[in-house]
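The values are calculated or read from the model by the stated rules, or taken from the named source; none is laboratory data. All figures in this text were calculated on a predicted structure; none of them were measured in a lab. Because the Cβ atoms are built from the backbone with ideal geometry, glycine has one as well, and the counts that use them run over all protein chains shown. Surface areas here come from the heavy atoms of the whole protein model, side chains and all, with no ligands, DNA or RNA. Shrake-Rupley method; radii C 1.70, N 1.55, O 1.52, S 1.80 Å.
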Amino acid sequence: STNLGDRKRNLAAAYLEQRISFNRFNFTHGVSFQYFSDFGPRFFYGVDMSYQLTANTNFYASYGTTYRVPSYTDRFYEDPVNIGNPDLEPETAINYEIGFKNISRYFNFQTAVFRRIGTNMIDWVKDNPDDQWMPVNLNRIPNTGFEASVVIDLAKLSAKEFLGYQRINYTYINAELENIE
């Protein structure tokens, strides 16, 4: 875009992950390193665990941290109704999830509960109707939710290819802004 100015950002990244399996248990842990020239170095980590109850059924849990640097649009974009914010900080979040999966030839079911606690989340706001939209860092936004999915493969079940499959998905999310600077 011509209204973002002459900008340059360098990124270096490295990842390390290890998976350990023992009988029906799987354990994966890892670390990520990212260096952005305009925000410096950061480390992130995650852990995934699962237990295979049967050949088609799996219980799992995960924990991880994430990071998102502000885009050049967030920081420098400008037009008659928007103005960027060069002082934005990167978003960070901690994620937790626990769930269950059953995947078979004709029928798949999975469900999970999750929690994500985001800090410095970026959102475009304005205080008055005549103000320009401007991105700000919101201090803390916890999200708690539940999701479920059911898939029935009618084509395989009935041997009639034209029937395809049917999918039903449901997600519930409760998000609350705890405070703002």
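Before moving on, here are some points about what is shown:
- Taken as Cα centroids, segment 147-170 and segment 68-134 sit 32 Å apart, rounded to the nearest whole angstrom.
- Projected label distance in nm at Ser149 and Tyr15, using a 7 Å step from Cα toward the beta-carbon: 1.9 nm
- Taking every protein chain into account, the accessible area of segment 104-181 amounts to 70 square angstrom per residue (probe 1.4 Å).
- With at most 16 neighbouring Cβ atoms within 10 Å, loop trypsin sites (Lys or Arg not before Pro) (DSSP) excluded, longest segment of the chain: 25-104
- As a length-normalised measure over Cα pairs under 8 Å and 6 or more apart, the relative contact order of segment 41-181 settles at 19 percent.
- Exposure of Ile94 as accessible area (Å², to 10), given a probe of 1.4 Å and all protein chains: 60 Å²
- For segment 1-86, the spread of Cα positions along each principal axis, largest first, Å: 59, 27, 16
- Only protein atoms count toward the accessible area here, which uses a 1.4 Å probe; on segment 33-123, the carbon and sulfur part of that area reaches 59 percent.
- All Cα-Cα distances of segment 42-106, cut into 10 Å bins from zero to the largest, leave 18, 26, 20, 18, 14, 4 percent in each bin in turn.
- Per the Cα gyration tensor, the chain maps to an equivalent ellipsoid with semi-axes of 39, 23, 17 Å, ordered largest to smallest.
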